[in-house]
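Notes to accompany the following structure.
The values are calculated or read from the model by the stated rules, or taken from the named source; none is laboratory data. These numbers come from a predicted model, not from an experiment. Glycine gets a Cβ as well: all are built from the backbone with ideal geometry, and neighbour counts include every protein chain shown. The area values use the complete protein model at the heavy-atom level, side chains included, leaving out ligands, DNA and RNA. Shrake-Rupley method; radii C 1.70, N 1.55, O 1.52, S 1.80 Å.
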Amino acid sequence: MNRTLYIYDHCPFCVKAEMIFGLKDVPVTFEILLNDDEEGPKRMVGKKLVPILEEDGRFMGESMDIVAHIDAIGSPVLTAPENPQIAAWLERCGKISNRLFLPRAAAAPLPEFATTRARAYFIRNKEKWAGAFFDLFEQGPDLIREVDALLVELAPMIQSPEAVNGTLSTDDLHLFAQLRSLTIVAGLTFPGPVDAYVRRMAERAKIDLLDQVAA
Ligand SMILES: N[C@@H](CCC(=O)N[C@@H](CS)C(=O)NCC(=O)O)C(=O)O
């Protein structure tokens with residue numbers, strides 16, 4: 001079976017889908033699309049959204065559908081129940097972290113922004129709903145203080161660097177995707193258990209963090 005996962009490197013939904021391949025050692029080719037490529041995704045799934053999984057010429061969208069599909073091969077690895085406290089934390093953190101993440105992702109040397117047009121497309125689309133990136137940079141110190149406080153709250157919820165609830169669950173996909181996005185923000189302080197978790201999960205899932213391009 002030939003599998004290709006179409007992604008953007010910055011995209012947290014894509015990270016969730018990428019993780020299941022790494023955690024289960026299922027062979028896959030990652031193909032990073034240009035951010036302004038509208039035709040490619042529309043041809044595959046009828047809308048301009050990634051991740052998209054192609055299996056022998058058949059296409060599937062929706063990150064968590066892809067996760068469930070791949071986890072069903074052989075023995076599932078996402079076996080622990082979710083902890084509602086993690087979802088509640090993610091809900092609170094997501095609103096703030098996007099305002100730190102998006103302007104920094106837009107400036108980073110990521111493959112989906114390999115052309116000037118692709119980067120401009122991303123900036124236009126994201127500024128429409130997140131606000132002007134320059135203004136978001138100006139708010140950086142306040143936003144960093146808020147996220148630092150949330151990361152301190154998260155630390156005691158992490159049961160092990162191997163899995164937030166002790167054994168792998170879908171919480172690990174949602175949480176790692178969020179924390180990986182935050183590694184692009186220079187000046188945040190990851191408390192010890194959060195730092196150990198994000199680094200170990202990156203190893204287990206075979207996904208690079210964004211700290212090399214942090215700003
Ligand atoms: N519900 C979808 C959401 C996917 C999604 O929002 N993907 C974003 C990238 S993070 C996207 O492709 N947006 C269109 C764009 O960036 O132009 C999923 O979980 O797969």
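Key figures for this structure:
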read-out	value
Dipole of the chain [Lys/Arg +1, Asp/Glu -1 at C-beta], most positive-end residue of Leu179, Val164, Leu33	Leu33
Under 15 Å, Cα to Cα: Lys pairs in the chain, sequence gap 8 or more or different chains	5
Potential extension, Arg199-Val26 segment - 0.36 nm per residue separation minus Cα distance	60.2 nm
Signed unit charges on C-beta, dipole axis of region 84-213, positive-most listed residue Ala105, Ala149, Cys93	Ala105
Mean accessible surface per residue for region 84-213, computed with a 1.4 Å probe while every protein chain stays in place, in Å²	46
Total charge dipole magnitude, region 63-107, about the Cα centre, Cβ charges on Lys, Arg, Asp, Glu only, Debye to nearest 20	380
Accessible surface of region 84-213, 1.4 Å probe, proportion on carbon and sulfur as whole %	55
Rg followed by Dmax, in Å, when region 84-213 is reduced to its Cα trace	15.0, 44
Under Karplus coefficients 6.51, -1.76 and 1.60, residue-wise ³J(HN,Hα) of region 199-215 in Hz, glycine/proline x	6, 5, 5, 4, 5, 4, 8, 6, 10, 6, 7, 9, 5, 5, 10, 5, 8
Charge dipole magnitude, Cβ of K and R +1, D and E -1 - the chain, Cα centre, debye nearest 20	360
Order by protection proxy (mean Cβ within 10 Å, highest first), peptides 36-48, 99-111	99-111, 36-48
Of all accessible heavy-atom area on region 3-71, the percent that carbon and sulfur account for (1.4 Å)	49
Sequence-distant residues sharing a close amide H with Ser160 (under 5 Å, placed H)	Gly166
Antiparallel DSSP beta bridges within the chain, as percent of all bridges there, nearest 5	65
